[in-house]
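All remarks here apply to the structure that follows.
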Amino acid sequence: MNTDATRILILAANPTTTTSLRLEEEVREVEDVLKSAKYRDRFELTKKSAVRTRDMLQAMIEVKPNIVHFSGHGAGTEGLVLEDDAGQPKTVRTDTLAKLFKLQEQVTCVVLNACYSEVQANEIVQHIPHVIGMNQAIGDDAAREFAIGFYSALGAGEAIEAAFGYGCCNIGLEGIPEELTPILKQRGELASSAPVVVEEPMPDNPRKLTVVVAPNSSDAEKQSEPSSPKVTTTKPVVLANPEGTVSLNSPFYVKRPPIEDDCYETIEQEGELIRIKAPRQMGKSSLMQRVLNHARQQGHRTVYLNFLSIDSGLLTSLNSFLRWFCAKVSEELELKNRLDDYWDDNIGSKSSCTKYFERYLLKNLSEPLTLGLDEVDQVFQHPEIAQDFFPLLRNWNEDGKIKPQWGKLRLVIVHSKEVYIPLNIHQSPFNVGLAIDLPELTKPQVEDLVSRHGLNWSSVEIEQLMSIVDGHPYLLRKALYKIARRELTLSEFMQVAPTEEGLFGDHLRRHLLNLEDDPELRAGMQQVISATKPVCLDPSVAFKLRSMGLVELQGNGVIPLCNLYRLYFRDRLGVE
């Protein structure tokens, strides 16, 4: 045994009567990435499969691991699922696990690659410096890709915090919408007011540079006082690329009060519904994930469905779509698919779907169920499905007010486009519940975001940035990310931003192609950017341009969402 090596102990358990997992594949991938890693000699791997409770105890005593990785099933508040002598499930209680790890002084990190294991992580982290758990059900593919990214980074010499970031990023890179499921817990984790360390390039290490970011001006002033002998502890955070959903533990998510608090208060109520609408890349999915996370903290079971993931063949009929819907929710809840037991063609697919939820899914849950439906715009494109599916959601919401079983269901619906499908006002879910129309960031919020990127800018510099991108969250974060990495200066950004040479080139070209494919939208945008005051367009054109994120409403008229679009499209659409 190499006494200087980091000892990794992988414990895998998949009892015979539980859902089959590809644990061997996950373990093999971890072994392979460590064998080919730059610092492979620094790691020693021990694997234990079909783990029983006494196997776990014995391995802890004999191996004395520094990193413990559990792969298998989680049982939420009840604990983790191991095996008994007959290969049947045996649940180890959360408090017992915490006591076991309290004895492991040499362990620096625990990875719980199992569904709903955030509960165990919260307990174990009281005794272990770093613990990674899952805040909801996690699929086989996502669990495997997280492990690959995490151990690849460790093998390259990255710290645990950075390796965690790479693990989450690897899930997203593989096109799996579960990068927010892993959660990193740290013992004695700093309060949100602690300064942030951003890792950026330096000559001796192309991936690291320590930049202390004070979250507000008062903290910055305290750090600059030379008379203070206090040493400020920093919390390392990877400066992640701003594409996609903002992770739950990211320091770059900016709250837009009172929106978050209103959503959190609403989701705690029985049978409630939240509708989040905004143009593309305004932060809808990031807000939804925070609502789902808050629901989990309240003891809810949560399911996240992204309608972009549905196969087009399942959108050919209402029956196939609703069967997919029920099957996906069952899978996410780790409940057996029992569609054939509840589906009855004689009563129709909507009634069958309702019966499946009421008599099987909700009946088998002791906790509330919060269901997050993202990118429901996909369903708008299929009116024959939308005209039945959305009234069905409305009916469930109304039943939640009067029927205890349905009161356990909460709905969070996210969409970008206006609802053009003809829905009866008394059947639409788009005129009930809490309506959230995400606004752009205000100037104080932009100032806060600039500070979080470690940029000590004057008010004039912030106004220069906003003169191009206004308060658009995605455009702001992408600009600040590049500037904080010293890839360009503010002055250089101002010069090239509204051109295809600039960092928004792909973003602008995508919008241009969409306009060129629709002459009506192209003509409408030409009117908007050629005018010096709000333009009244046909309502359908105005709302489509708004859904694309190109304009904002001002009274009955519209104006360009930001100067970036005015400058770029004035040139590309030939407007004088």
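Tabulated data
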{"read-out": "Pick from region 476-499, criterion touching a residue at least 24 places away in the same chain (Cβ under 8 Å) and not hydrophobic (A, V, I, L, M, F, W, C), ranking: surrounded by the most Cβ atoms within 10 Å (Cβ to Cβ)", "value": "ARG477"}
{"read-out": "Where a residue in region 463-475 is among the aliphatic types (A, V, I, L, M) and its partner, wherever it lies, is open to solvent by 30 Å² or more (accessible area, probe 1.4 Å), with Cβ under 7 Å and at least six apart", "value": "MET466/LYS443; ILE468/MET494; ILE468/ASN563"}
{"read-out": "Qualifying residue in region 537-552 (condition: touching a Leu at 6+ places or on another chain (Cβ under 6 Å), at pLDDT below 95, among the acidic types (Asp, Glu) and more than 13 Å from ALA523 (Cα to Cα))", "value": "yes"}
{"read-out": "Residues of region 27-45 classified as touching a residue at least 60 places away in the same chain (Cβ under 8 Å) and open to solvent by less than 80 Å² (accessible area, probe 1.4 Å), total", "value": "7"}
{"read-out": "Residue satisfying condition, being surrounded by 21 or more Cβ atoms within 10 Å (Cβ to Cβ) and not in a helix (DSSP H, G or I), within set ALA163, ALA137", "value": "ALA137"}
{"read-out": "Looking only at region 224-269, and only at residues there that are in a helix (DSSP H, G or I) and either open to solvent by less than 70 Å² (accessible area, probe 1.4 Å) or within 21 Å of SER451 (Cα to Cα) (or both), the one that is modelled with the lowest pLDDT", "value": "SER224"}
{"read-out": "Sole residue being buried (at least 21 other Cβ atoms within 10 Å of the Cβ), over 17 Å from the mean Cα position of the chain (by Cα) and within 22 Å of VAL81 (Cβ to Cβ), chosen from ALA153, ALA114", "value": "ALA114"}
{"read-out": "Check on GLN126, of a type in the set (S, T, N, Q) and surrounded by fewer than 22 Cβ atoms within 10 Å (Cβ to Cβ)", "value": "yes"}
{"read-out": "Residue in region 150-161 that is of a type in the set (Val, Ile, Thr) and under 21 Å from ARG187 (Cα atoms) present", "value": "yes"}
{"read-out": "Meets criteria (modelled with pLDDT under 90 and farther than 16 Å from LYS185 by Cα) for ALA147", "value": "no"}
{"read-out": "Helices (runs of 4 or more DSSP H) contained entirely in region 361-409, each with at least 3 residues that are open to solvent by 30 Å² or more (accessible area, probe 1.4 Å)", "value": "383-399"}
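The rows are residues; the columns are (1) within 26 Å of LEU292 (Cα to Cα); (2) without any contact (Cβ under 8 Å) to a residue 40 or more places away in the chain; (3) in a loop (DSSP other than H, G, I, E, B).
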| position | (1), (2), (3) |
| --- | --- |
| TYR304 | yes, no, no |
| GLY313 | no, yes, no |
| ARG323 | yes, yes, no |
| CYS326 | yes, yes, no |
| LEU335 | yes, yes, yes |
| ASN346 | no, yes, yes |
| GLU358 | yes, no, no |
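The values are calculated or read from the model by the stated rules, or taken from the named source; none is laboratory data. Just so you know, these numbers come straight off a predicted model, no measurement behind them. A quick note on method: Cβ atoms are made from the backbone with ideal geometry, for glycine too, and the neighbour counts reach across all protein chains shown. The accessibility values were calculated without ligands, DNA or RNA, using every heavy atom of the protein model including side chains. Shrake-Rupley method; radii C 1.70, N 1.55, O 1.52, S 1.80 Å.
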